[in-house]
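Heads up, the thing below is written out as structure tokens.
Bear in mind these aren't lab numbers, they're just calculated from the coordinates by the rules spelled out. All of these numbers come straight from a predicted model, not from anything done at the bench. We place every Cβ from the backbone using ideal geometry, glycine too, and count neighbours over all the protein chains shown.
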Amino acid sequence: MQVNFAARRNTLESKRKRLVGVAPSRPGPLLSGWRCGGRLPYFEVDELRQVEVALARLHEGSYGFCQICGDDIPDARLDQLPATPFCQCCAV
Ligand SMILES: [Zn+2]
């Protein structure tokens, strides 16, 4: 399987920029304090976390593989959910 990593990285980076852009600026670790009293809805914090994890996995080379069963995640699924760490079967 040939995943276009550069395109995925661009998608994830722009998603991340958008999510970080709406976050209140605070010192310290990126996600601390957001869950309690932060203005970001929970799902956006969760999405940002997923995007950051996906970027880290792109970097280390495990991106595109399910974190549960280890199978390839189909391209079509990554097009829809670029930050997903799970294949269709494991996500349900
Ligand atoms: Zn799986």
Using r as the Cβ-Cβ distance of Phe5 and Ala56, and R0 as 22 Å, what FRET efficiency do you calculate, to the nearest 0.05?
-> 0.95
Which distance in nm do the two modelled labels at Gln88 and Ala76 give, with both placed 7 Å along the Cα-to-Cβ direction?
-> 0.6
Any idea how far apart Val20 and Gln67 come out in nm if each label point goes 7 Å out from Cα toward Cβ?
-> 1.9
